[in-house]
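These notes concern the structure reproduced below.
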Amino acid sequence: MTNHWIDIKNSDCILIMGSNAAENHPISFRWVTEAQKNGATLISVDPRFTRTSSKADFYTALRSGTDIAFLGGMINYILSNNKYFKEYVARYTNACFIVGKKYGFHDGLFSGFDPKTRKYDKSYWAYELDENGVPKKDYTLKHPRTVFQLLKKHFSRYTLDKVSAVTGTPKEDLVKVYELYSATGKPDKAGTIMYAMGWTQHTVGVQNIRTMAIIQLLLGNMGVAGGGVNALRGESNVQGSTDHCLLFHIWPGYLPTPTASAATLADYNKKYTPVSHDPLSANWWQNRPKYVVSFLKAMFGDAADAGNDFGYGWMPKLDDGKAYSWLDLFDAMYRGEFSGFFAWGQNPACSGANAAKTREALTRLDWMVNVNLFDNETASFWKGPGMDPGKVKTEVFFLPCAAFMEKEGSVTNSGRWAQWRYKAQDPPGEAKPDGDIMVELFNEIRSLYAKEGGVFPDPILNLKWDYTTDGKFDAHKVARTINGEFTRDVTIKDKTYKKGQLVPSFAFLQADGSTTSGNWLYCQSYNESGNNMARRDTTDASGIGLYSNWAWCWPVNRRILYNRASVDLMGRPWNPKKPVIAFAGEVRDGKYVTNKWVGDVPDGGWYPMMNPDGTLRTDTKYPFIMKPHGFGGIFGPGRNDGPFPEHYEPIECPVEKNLFSSQFTNPVAAVYGTEKDVYKTCDPRYPFVGTTYRVTEHWQTGVLTRWQPWLLETEPQLFVEMSEELARLRGIKNGEKVIVESPRGAVEAVAMVTKRFRPFLVQGQEIHQVGLPWHYGWVWPPDGGDSANLLSPSAGDPNTRIPETKAFMVNVRKKGV
Amino acid sequence: MKLTRRDFLKISSAATAGLALGGCTTMGFNMQPVQEQAWRLRTQDAKETPTICCYCAVGCGIICHTDNRSGKVIYTEGDADHPINGGALCAKGAAAYQIARNEKRITKVLYRAPYSSRWEEKSWDWAIKEIAKRVKASRDKSFTVKNAKGQVVNRCDGIASVGSAALDNEECWIYQAMLRAMGLVYIEHQARI
Amino acid sequence: MAGMSFLVDTSRCTACRGCQIACKNWNQNGAGMTKNLGTHQNPPDLDGNTFKLVRFSEHLKDGKPVWYFFADQCRHCIEPPCKDAIQGYVDGGVIHDEETGAVVYTEKTKGVPVDEVRASCPYDIPRAKDDGTVVKCTMCIDRVRNGLKPACVKVCPTGAMNFGTRDEMMALAQERLAALKGKFPKAQLLDPDDVRTLYLVTDDPALYHPYAVAGVRPGISRKLALRKLFFAPARNVAKGLRMG
């Protein structure tokens, strides 16, 4: 979330699309309700009428996988009806940038596409630069190659007729949503988007979100209270685990994982440090070398120094151009590439797309370690449906771990708040905190390498690994390492910091080895003022619910990102009633002469862009400090599938053509080639759109919640929701068992025939959609059903490679027919 | 940490129960004699520990009530001081007690041998030693110093890891540290799906 | 008639079922092994382990779905007919707490025929545990008398569940009703003068739950139902209601 949970109350219009917040983030509705009490409009757009929809002021449905068409129509509406926030768009977004002549778009393909490799050459989308290497701009937005004009042209194709024919949403409903939401284009109005996996789990997932980000920029909704682009994340610490990068492509703090071509630290810094020639661009990532060295110092301690590239050579490198993501991982496992596997606090046999492929892949291992609280379909895969234990070689170690109230440490919520939690009881029996298991396991691995030697033991022997107190894992010690400390006495800005002192914040990190920081984004979380994540000050001085002294949030406790876009060029809030920050410096002769901001921690504390007398300042920076050029990205030339979003059909879809172009599906989507990777479009055997989702009462694969009697009682079995029309078509009665099958597998589910699903009118035909939760698995409860991911395909977004589990094709039939 | 209890109730009459006289049983109230009507809170003497809910990423505060004698959690409820949830919880958060006290929790290390059809209980010491041996063997066997192009990559291609968004930040950090020190590149978790 | 009251504002309810679970948590009630019967409402009905149940009902209105949630529980009647039904069998089976107005069953209800108690209740609330004790919502009397809100109220994120002095709740109910009337002409409070659990609904109460109000049963008005319950012996009432 660029904003945070409480901030939802500041919104004037809340669009919930691609998420079902009332069911999956129920307490967000404390703040949605608060906003509604204050007069906000709540819009729910979902293929199915949900508990969220039940509270909406306006609800409409769309067919799964058509969000870009729906939102593209909104961009067209905003531009055609002059609903955008002109000053904001011209000054804070890259709408004013002039794009180079090589950019083009024709019949669904952007320029630079290579059909052989199925990849784009992104240099075709570069900006036109001036003599200093700075993108040329036209603040009037009139130049035909400005981003603004190209955007207008691109989305002029998204007419109401076409959008309605693709999405199945009635035209009048589209207009109603567009009207309601674009009313937030006024300077003192804010609209927010609450989205989640309903947008990410598509082969156009990133571009779904880009489309909305463009809308937010056009309406001036970024950086302001009650605005933002808000991803509602689904696990208690999925934000933190992402920040600390338990992901193949990034190191802690979103530092790219090096590829083989970056042989040395110097190569790495050259390759990954963005450059801006614009003196007004903060280009914050120019600091990356400081963060990388501080990270390596945290990893290897004193063993890392300038003489050995700070241990850069000890870190594994990826092959250039190769992906190692979830889908790729299980594809490689299926092909027998791994002998060992850790499933630590996760249940992949149910959680990933194409679960049958995953389950089969597990049989190709020599050994697997599963750490969990309860038995689950991954740990026990060898005795699952269709498995003969006598033929499965995989050794399995099940390590029982502590639950969240049985250990101490921090978790980071969706609003980036890192909150400390405490231990309330010992784990039962011999179960142990995960931290202890890791410490003991790595100690043993290290002692084996110390004793016996082995291949390339250096990183193992040199890893800093002193995270225990009295032999037990000590979260405080790790928290200090994540924050970072000075490795020698250093004087910065006339102040001396002693060796061993905790670094106050990331502005103090250095690239010379004088500082460590396990994750620069968390530098300030645990410093000399204490464990800031444990703060419990319940006062709110901001008046807009920032609660700045409750816990701590990254970066540097800034509660609303890009907040310098919440003020005009002179630093005055666009909405004086809900200021996030405001400039409070003194004025002399029409010029600001002292620098002072009040409110939230400003996104860089530079002077405003303009003096009260209208003169532009040169000692300032543009507000979007994380972007190389400092402007909000309406044009996104870094994406793998194009600088503008474009509607493509899902890899499996119910229509024979894409009404927007002859490019049927995303040309660069990730697809796989084993015999388990079957994709069927417009196959009469699989006539209905299928989607997966969750319910309030269960969590993810149900690995925790299926074992809890109170929760299981409320949602005991896999169900499939379908319209009354579809039920009639298939002769299905409410509450009876049916079979749902896709080209990849089948599950038995209880039919829930409901008025809350309606058929769609798509390209003139009636299209049915059904939906199933993916909370169930064969281990428990008896007759609870199995994972809905047995149905979903291993196809992924070309940027994130997140699987397309929200739109695929299925059949539904009565059991035994 | 300081707990302040913002959720105290105003009651229409000034009187609330003073002394605790006799407990209420689990089900149905044991009131002898009925007229006395003194009600005891079953959490009255418990120790309160704040934590954060383990499910979605709203980050609601939960208070665990721990029995002083047994050291076990006897009740969980929303943290009324928490600015996000103000004491409220959804069905899952409200059921947190059933994670703390659940007889289906696995409490011993389990091992399944190749081609076996059953779990065996094992000691931690045995398991850690055996896993470490397998990690070393897999790593040493699959370690790639140079890739096909001859570039130095120093990576372990034969072991993969998934997990976990359910770990604390500090655990996430040391987990990625140990995996990367071992040379793993197939490191993934819930955020990707 | 001071004491305490609930206000259940159904317009705010998202059916997160925090209340249903929090009730079980505080009361240390178990759960049954249910089946999915083609609805999210589960368990299907109140039972000996379920004093609070979120009822789900869906309808089409002007071609668009509506989904109503009714967090059902004991109304803690101002003059509780179930008290007479139980007292007909056993003394001390019901405490009608003066301080709060809570109607609380005791262990002495064990063996009292639950069907008769149930039939005496215009809202069909009382149920029996496996051991025969008649049970229902206690207003969390132990919490309330110690200055805490009932578990189902504390847990509620949206302000659907409210609790306070009767005056406060009546005032809040009127305020919310007035705010809803514009958008929902059928918005109404259900039996506000007779009960301590005030339900605010935005549509015809029958669309939420057959027992949402006392008077929805054909042939018998709510007032009449209550009067009959007070003056007729429990057994006859049971019959009367069944026949009516």
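Tabulated results
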| item | result |
| --- | --- |
| Qualifying helices (runs of 4 or more DSSP H) (wholly inside segment A:120-231; at least 2 residues being among the hydroxyl-bearing types (Ser, Thr, Tyr) and at pLDDT 95 or above) | A:160-167, A:171-182 |
| From C:Cys77, C:Cys82, C:Cys23, C:Cys16, residue being in a loop (DSSP other than H, G, I, E, B), crowded, with 24+ Cβ neighbours inside 10 Å and either among the acidic types (Asp, Glu) or under 15 Å from the mean Cα position of the chain (by Cα) (or both) | C:Cys77 |
| Selection from segment A:319-338 of residues that are surrounded by fewer than 22 Cβ atoms within 10 Å (Cβ to Cβ) and over 22 Å from the mean Cα position of the chain (by Cα) | A:Asp319, A:Asp320, A:Ala332, A:Arg335, A:Gly336, A:Glu337 |
| Only listed residue being modelled with pLDDT of 95 or more, more than 26 Å from the chain's Cα centre (by Cα) and not assigned by the TED database to the domain that holds A:Gly39, chosen from A:Thr273, A:Thr264, A:Thr259 | A:Thr264 |
| Of all residues in segment A:632-688 being outside any loop (DSSP other than H, G, I, E, B) and within 28 Å of the chain's Cα centre (by Cα), the one that is farthest from A:Val224 (Cα to Cα) | A:Val671 |
| Qualifying residue in segment C:22-42 (condition: hydrophobic (A, V, I, L, M, F, W, C) and touching a Gly at 6+ places or on another chain (Cβ under 7 Å)) | yes |
| Residues being assigned to a loop (DSSP other than H, G, I, E, B) and closer than 16 Å to C:Trp26 by Cα - total across segment C:120-144 | 5 |
| Pick from segment A:467-494, criterion in a loop (DSSP other than H, G, I, E, B) and under 32 Å from the mean Cα position of the chain (by Cα), ranking: farthest from A:Cys553 (Cα to Cα) | A:Tyr467 |
| Any hit, segment A:162-176, residues being acidic (Asp, Glu) and over 30 Å from C:Lys64 (Cβ atoms) | no |
| Filter result for A:Leu232 (hydrophobic (A, V, I, L, M, F, W, C), touching a His at 6+ places or on another chain (Cβ under 8 Å) and under 24 Å from B:Ile159 (Cβ atoms)) | no |
| Unmet criterion (only one of (1) among the acidic types (Asp, Glu); (2) crowded, with 23+ Cβ neighbours inside 10 Å; (3) not in a loop (DSSP other than H, G, I, E, B)) for A:Asp267 | (2) |
| Which listed residue, of A:Ala551, A:Ala507, A:Ala582, A:Ala511, is within 24 Å of the chain's Cα centre (by Cα) and of a type outside the set (Phe, Trp, Tyr) | A:Ala551 |
| Boolean, B:Arg101 is closer than 30 Å to C:Cys156 by Cβ, surrounded by fewer than 18 Cβ atoms within 10 Å (Cβ to Cβ) and more than 7 Å from every other protein chain (Cβ to nearest Cβ) | yes |
| Matching strands (runs of 3 or more DSSP E) fully within segment B:98-164 where at least 1 residues are of a type in the set (S, T, N, Q) and in contact with a Leu (Cβ under 9 Å, 6 or more places away or on another chain) | B:159-162 |
| Some residue of segment A:48-56 being of a type in the set (S, T, N, Q), buried (at least 22 other Cβ atoms within 10 Å of the Cβ), within 14 Å of another protein chain (Cβ to nearest Cβ) and assigned to a loop (DSSP other than H, G, I, E, B) | yes |
| Considering residues of segment A:319-342 that are more than 7 Å from every other protein chain (Cβ to nearest Cβ) and aromatic (Phe, Trp, Tyr) only, the residue farthest from B:Tyr175 (Cα to Cα) | A:Tyr334 |
| Those residues of segment B:184-193 which are within 16 Å of A:Met438 (Cα to Cα) and either more than 7 Å from every other protein chain (Cβ to nearest Cβ) or not β-branched (Val, Ile, Thr) (or both), in sequence order | B:Leu184 |
| Residue among B:Arg134, B:Arg112 that is free of Cβ contacts under 8 Å to residues at least 12 places away in the same chain, buried (at least 21 other Cβ atoms within 10 Å of the Cβ) and facing chain A (nearest Cβ under 8 Å) | B:Arg112 |
| Conditions (1) over 30 Å from A:Val32 (Cα atoms); (2) of a type outside the set (Ser, Thr, Tyr); (3) in contact (Cβ under 8 Å) with a residue 60 or more places away in the chain; (4) touching an Asp or Glu at 6+ places or on another chain (Cβ under 7 Å): number failed by A:Asn237 | (1) |
| Flag for A:Gly345 being within 11 Å of another protein chain (Cβ to nearest Cβ), on the phi > 0 side of the Ramachandran plot and crowded, with 24+ Cβ neighbours inside 10 Å | yes |
| Matching option when the condition is under 28 Å from the mean Cα position of the chain (by Cα) and more than 7 Å from chain A (Cβ to nearest Cβ), among B:Ala177, B:Ala94 | B:Ala94 |
| Residue check, B:Gly158 outside the structural domain of B:Ala57 (by the TED database), small (Gly, Ala, Ser) and at positive phi | no |
| Meets criteria (without any contact (Cβ under 8 Å) to a residue 40 or more places away in the chain, in contact with a helix residue (DSSP H, G or I) (Cβ under 9 Å, 6 or more places away or on another chain) and within 23 Å of A:Gln419 (Cβ to Cβ)) for A:Asp603 | no |
| Qualifying positions in segment A:521-552 - within 12 Å of A:Ala479 (Cα to Cα) and not in a loop (DSSP other than H, G, I, E, B) | A:Tyr522, A:Tyr526, A:Asn527, A:Gly530, A:Asn531, A:Asn532, A:Met533, A:Ala534 |
| Scan of segment A:423-474 for residues that are small (Gly, Ala, Ser), at the interface with another protein chain (Cβ under 8 Å from one of its Cβ atoms), under 23 Å from A:Leu296 (Cβ atoms) and without any contact (Cβ under 8 Å) to a residue 24 or more places away in the chain, ordered by number | A:Gly454 |
| Test: residue in segment C:141-163 that is touching a residue at least 60 places away in the same chain (Cβ under 8 Å) and more than 14 Å from chain B (Cβ to nearest Cβ) | no |
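A quick yes/no check of all residues on (1) surrounded by fewer than 22 Cβ atoms within 10 Å (Cβ to Cβ); (2) on the phi > 0 side of the Ramachandran plot; (3) in contact with a His (Cβ under 9 Å, 6 or more places away or on another chain); (4) of a type in the set (Lys, Arg):
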{"residue": "C:Val8", "(1), (2), (3), (4)": "no, no, no, no"}
{"residue": "C:Asn29", "(1), (2), (3), (4)": "yes, no, no, no"}
{"residue": "C:Leu37", "(1), (2), (3), (4)": "yes, no, no, no"}
{"residue": "C:Thr50", "(1), (2), (3), (4)": "no, no, no, no"}
{"residue": "C:Phe70", "(1), (2), (3), (4)": "no, no, yes, no"}
{"residue": "C:Ile86", "(1), (2), (3), (4)": "no, no, no, no"}
{"residue": "C:Tyr89", "(1), (2), (3), (4)": "yes, no, no, no"}
{"residue": "C:Ile95", "(1), (2), (3), (4)": "yes, no, no, no"}
{"residue": "C:Ala102", "(1), (2), (3), (4)": "no, no, yes, no"}
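The values are calculated or read from the model by the stated rules, or taken from the named source; none is laboratory data. Because the structure is predicted, anything quoted here is derived from the model rather than measured. Glycine also receives a Cβ, built like all others from the backbone with ideal geometry; neighbour counts cover every protein chain displayed.
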